[in-house]
């Protein structure tokens with residue numbers, strides 16, 4: 001999105017008002033908890049923090065933005081509280097969720113959401129018309145295939161504006177796009193090569209952060225010399241943020257293109273469950289973060305769910321580098337500098353990474369045979385980012 005100066009000011013007001021309502025709701029719930037009282041109902045919060053607050057002198061400026069934006073801020077607090085309590089009770093999978101925290105006006109990422117009842121629209125000349133903001137110029141990454149239910153306006157750390165739409169996808173169209181196949185693949189992720197496939201293909205690691213280090217160092221050095229709180233320092237901060245955004249976008253694009261190709265060509269994919277958090281505390285931490293293994297595996301997983309594929313995670317303690325893929329003999333651990341080795345049982349010569357990828361494929365095949373291959377599912381929630389989108393998504397995603 002490319003808002004003009006007036007629209008940027010209107011968006012800043014909307015971001016600020018949504019943040020204030022969010023913080024007021026968090027504070028109200030916290031006060032009720034400390035007093036030992038029941039949490040206010042959503043309707044009571046809406047009446048107290050929006051309707052009645054607009055009539056006061058201290059919060060009269062809430063009327064300058066769309067009320068839908070303020071209501072969605074309350075919905076976000078409710079969702080955060082539900083996730084927190086579900087995590088406490090063990091009903092929510094994944095990492096433990098903390099209680100909702102206050103949002104800061106100094107956060108470099110801001111967002112607001114408009115639902116259908118906000119009466120936003122797309123003009124004939126392709127602009128996005130938002131209530132109390134105006135018709136904003138948009139560079140579309142693609143045409144919207146169906147009617148959308150909501151739009152989220154995002155401002156990132158680099159000062160860029162994006163529009164993210166929520167739509168319903170057609171499972172039959174997904175099935176046509178990705179027809180079933182009988183191929184199976186094993187993947188060994190690494191640092192020398194980003195991935196080595198069980199068919200012998202080696203995919204080089206792009207090392208986006210390493211290649212941009214010289215530019216990043218120069219930009220960060222310039223920012224450190226600026227006086228804190230000055231306009232020149234803010235300009236320098238934006239320059240650093242844009243450099244990091246370019247690295248992030250390039251890495252995400254690489255992950256999406258590779259994952260889409262692998263999902264399209266294979267019905268089942270095996271990959272190791274790497275301990276990324278542990279590796280990120282070693283001397284190769286920067287290279288591990290630069291590779292982005294966790295993001296790549298997550299991208300494979302949600303695309304597999306959408307297109308009826310199967311992704312099997314092999315345990316991180318599986319000795320894939322120690323077992324001969326020819327005869328199955330375990331030849332013991334080997335230092336990382338040994339890239340090729342000869343099996344003492346059958347004499348086969350193995351490339352370390354290729355042999356590991358074949359063993360990953362074998363283990364994944366056994367797991368698929370034990371539980372049965374996944375059947376193509378129905379409608380699913382898609383992820384926030386997709387190849388070529390850079391913050392703009394036309395797939396349905398979780399609120």
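For region 5-166, the antiparallel share of DSSP beta bridges with both residues in that region comes to about 100%. When both bridge partners sit in the chain, DSSP labels roughly 75% of those beta bridges antiparallel. Compared with the dominant principal axis of the Cα atoms in the chain, helix 293-307 is inclined by about 80°.
Is the chain best put as rounded, prolate or oblate by its Cα gyration tensor, with a ≥ b ≥ c the root eigenvalues, rounded for a/c under 1.5, and otherwise prolate when a/b is larger than b/c, oblate when not? Prolate.
Sorting 289, 350 by the number of Cβ atoms found within 10 Å of their own Cβ, with the fewest placed first, yields 289, 350. Classification of region 232-356 by its C-alpha gyration tensor yields an oblate form. The axis ratio a/c (a ≥ b ≥ c) is 1.5 or more, and b/c is at least a/b. Taking 97, 223, 184 as the candidate residues, the one with maximal mean-square fluctuation in a Gaussian network model of the chain, Cα springs under 10 Å, is 97. Relative to the longest principal axis of the chain, what angle (0 to 90°, nearest 10) does the C-alpha long axis of helix 231-265 take? Result, in degrees: 50. Note on residue 346/residue 233: beta-carbon distance plugged into 1/(1 + (r/R0)^6) with R0 of 56 Å gives a FRET efficiency of 0.30. Between 0 and 90 degrees, the angle of helix 67-88 with respect to the longest Cα principal axis of the chain falls at about 40 degrees.
Taking 165, 317, 114 in turn, the Gaussian network model of the chain (Cα-Cα springs below 10 Å) assigns the largest fluctuation to 317. Region 213-233 and region 47-91 have Cα centres separated by 37 Å. Shape of region 90-189 from the C-alpha gyration tensor: oblate (a/c of 1.5 or more and a/b not above b/c, with a ≥ b ≥ c the square roots of its eigenvalues).
Separation of region 167-181 and region 96-165, taken as the distance between their Cα centroids, equals 27 angstrom. Of 157, 35, 118, the residue with the greatest mean-square motion in the GNM of the chain, using alpha carbon springs below 10 Å, is 35. When you restrict to C-alpha pairs under 8 Å that are six or more residues apart and normalise by the size of the chain, the relative contact order lands at 16 percent.
Taken together, the values in this text are just the output of simple stated rules run on the coordinates, not laboratory data. Bear in mind the structure is a predicted one, so any value in this text is a computation, not a measurement. Cβ coordinates were reconstructed from backbone atoms using ideal geometry, including for glycine residues, and neighbour counts include every protein chain displayed.
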